[in-house]
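Asker: So that we are looking at the same thing, I have put the structure below in structure tokens.
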Amino acid sequence: MVAGVNSPLRLTDIAAQARVSEATVSRVVNGRAGVAAGTRHRVLAAMDLLGYERPVRLKRRSNGLVGLLIPELTNPIFPAFAQVIEQALAGHGYTPVLCTQTPGGATEDELVEQLEERGVTGIVFLSGLHADSTLDPSRYQRLSSRGVPFVLINGFNEHVNAPFISPDDRAAADMAVRHLEDLGHRRIGLAIGPTRYVPSARKEAAFATAVPGAEGQGLIQRTLFTVEGGHAAGGALLDRGCTGIVCGSDPMALGVIRAARERGLRVPEDVSVVGYDDSPLIAFTDPPLTTVRQPVRAMATAAVGALLEAVAGTPVQRTEYVFQPELVVRGSTGQARAL
């Protein structure tokens, strides 16, 4: 037992949760030196998960605030990114400040201004305005000129001088198409978001190469990154005879499945559907969704690493770091029916 909190700490429980020795837990709890920052963070996280209040001596000053700007919380991929980024920042002693854009709420520019007023140490942009190829990127150039370090995830823009973290969107679309072709599907469609967004444009370009003539045959449907958007696009693609459909997000894929069932079609017996992201709980849908997994943990960790290098004054390469996605095959894809 270790004193100093409202309920006694059981070193055994904390050590098991953090996957460290009891001696390491004791050093952390008693505020002793000799514990790596990452290990210390795991022990503190274990205490939080087990419901222990931290001893007063463990409470320390933050190294600074870091803003995290995300477009929404309804798509589960964004909270997934936010959780990993916030954990990584906390492990380095920084306090994350989550800023979410909502319809009618503060804009990205307004949120950045508010963060700067609070002396933010740096900013992580996730699928922000930088991903929209139709918008003026000079806002990021001005931010850089004010000495605020930042890193951008999803949506490369060659006019912004900063580190970019991206999945290989072209490879994602290509592996989804190849998977459906290997299952015997010959009429394959794409439900994708607005192509003014760089990730969508890249996926669409790869799909058009893999499925020649798709645009002219109406096999590419541009819609919203939502269940409703997928439902509308899925209905149009099914009406064009598609037996395999690739989607730009997991919620869109669920909308396509809804459209198929409304037409009396079974998934995957009559139509196969591939999502994108592999966001939490997608493995438990009906049927479990085949999807292209975005490497969230690797990307988020790299983004925090690049940001903190810049914060420390270390020169950071101003380029795009591209991470490979992974096809996760589950129950929403199957062999095409013989004609």
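Asker: Is the range 82-168 best put as rounded, prolate or oblate by its Cα gyration tensor, with a ≥ b ≥ c the root eigenvalues, rounded for a/c under 1.5, and otherwise prolate when a/b is larger than b/c, oblate when not?
Answerer: Rounded, because the longest to shortest axis ratio a/c is under 1.5.
Asker: Then there is this: Return the loop-located GluC sites (Glu not before Pro) in the range 124-207 (DSSP other than H, G, I, E, B) with at most 15 other Cβ atoms within 10 Å of their own Cβ; answer none if there are none.
Answerer: Loop-located and lightly packed - E158.
Asker: Per residue, how much accessible area does the range 205-339 show when a 1.4 Å probe rolls over the protein heavy atoms, in square angstrom? Each step should come with its number before you reach the end.
Answerer: On the way: 6030 Å² over 135 residues.
So the range 205-339 comes to 45 Å² accessible per residue, rounded to a whole number.
Asker: Hey, what's the range 31-134 come to in accessible area per residue, 1.4 Å probe, Å²? It would help to have the intermediate numbers written out before the result.
Answerer: Values: 5170 Å² over 104 residues.
Heavy-atom SASA per residue in the range 31-134 reads 50 Å².
Asker: Working from the pairwise distances between different alpha carbons, so that the mean of 1/r is found and then inverted, what is the range 142-208's Kirkwood radius in Å?
Answerer: 13.9
Asker: Just to be sure I understand: of the beta bridges DSSP finds with both ends in the chain, what percent are antiparallel, rounded to 5?
Answerer: Details: 5 of 39 bridges.
Percent antiparallel among DSSP bridges in the chain is about 15.
Asker: Please list, in chain and number order, the residues 5+ apart from V66 or on another chain whose amide H is under 5 Å from its amide H, with Hs placed from the backbone.
Answerer: Long-range HN contacts for V66: T95, V97, T121.
Asker: Continuing with this model, one more query. Between 0 and 90 degrees, rounded to the nearest ten: what's the tilt of helix 227-239 against the longest Cα principal axis of the chain?
Answerer: It works out to around 20 degrees.
Asker: Is it possible to state the helix-based mean residue ellipticity at 222 nm for the chain, with each DSSP H run of 4+ residues giving -39500 (n - 2.57), the sum divided by total residues, to the nearest 500 deg cm²/dmol? What is it? Intermediate results must be reported in sequence, preceding the final value.
Answerer: On the way: 11 runs with 131 residues, N = 339.
For the chain, the value works out to -12000 deg cm²/dmol.
Asker: Something else: Considering the chain as a Gaussian network with a 10 Å cut-off on Cα pairs, which listed residue, T107, T291, T195, attains the greatest mean-square fluctuation?
Answerer: Maximum fluctuation in the GNM of the chain, among the listed residues, is at T107.
Asker: Separate question: Considering the range 237-339, what Rg and Dmax in Å follow from its alpha-carbon atoms?
Answerer: 18.3, 63
Asker: Ok, one more. When all alpha-carbon pairs of the chain are counted, what percent fall beyond 35 Å?
Answerer: Here the tail beyond 35 Å accounts for 34 percent of pairs.
Asker: Given the range 269-312, report the % of alpha carbon pairs whose separation exceeds 13 Å. Numbers along the way, then the final one.
Answerer: On the way: 608 of 946 pairs.
Of all Cα-Cα pairs in the range 269-312, 64 percent lie more than 13 Å apart.
Asker: As I understand it, the value is the acute angle between the Cα axis of helix 37-49 and the longest principal axis of the Cα atoms of the chain; what does it come to in degrees, rounded to 10?
Answerer: With both axes taken from Cα atoms, the answer is about 80 degrees.
Asker: Measure out, as a whole number of angstrom, how far apart the alpha-carbon centroids of the range 153-227 and the range 133-147 sit.
Answerer: Centre-to-centre distance over Cα atoms comes out at 26 Å.
Asker: Now for a different question. Can you tell me which of P295, P96, P212 moves the most in a GNM of the chain? Springs connect C-alpha atoms under 10 Å apart.
Answerer: P212
Asker: So for the range 108-252, considering every pair of alpha-carbon atoms, how many percent are separated by more than 21 Å? Show your work: numbers first, answer last.
Answerer: On the way: 5148 of 10440 pairs.
In whole percent, the long-distance tail amounts to 49.
Asker: Here is a further query. When the chain is treated as a GNM, springs tying every alpha-carbon pair under 10 Å, which of N30, N63, N157 comes out with the largest mean-square fluctuation?
Answerer: Checking each option, the largest mean-square fluctuation is seen for N30.
Asker: While we're here: When the accessible area of the chain is split by element with a 1.4 Å probe, what percent falls to carbon and sulfur?
Answerer: Answer for the chain: carbon and sulfur cover 52 percent of the accessible area.
The values are calculated or read from the model by the stated rules, or taken from the named source; none is laboratory data. Bear in mind that the values here come from a model prediction, so they are computed numbers and not experimental data. Virtual Cβ from ideal backbone geometry, glycine too; neighbours counted across all protein chains shown. For the accessible areas, the whole protein counts, side chains as well, though only heavy atoms, and no ligand, DNA or RNA atoms are used. Shrake-Rupley method; radii C 1.70, N 1.55, O 1.52, S 1.80 Å.
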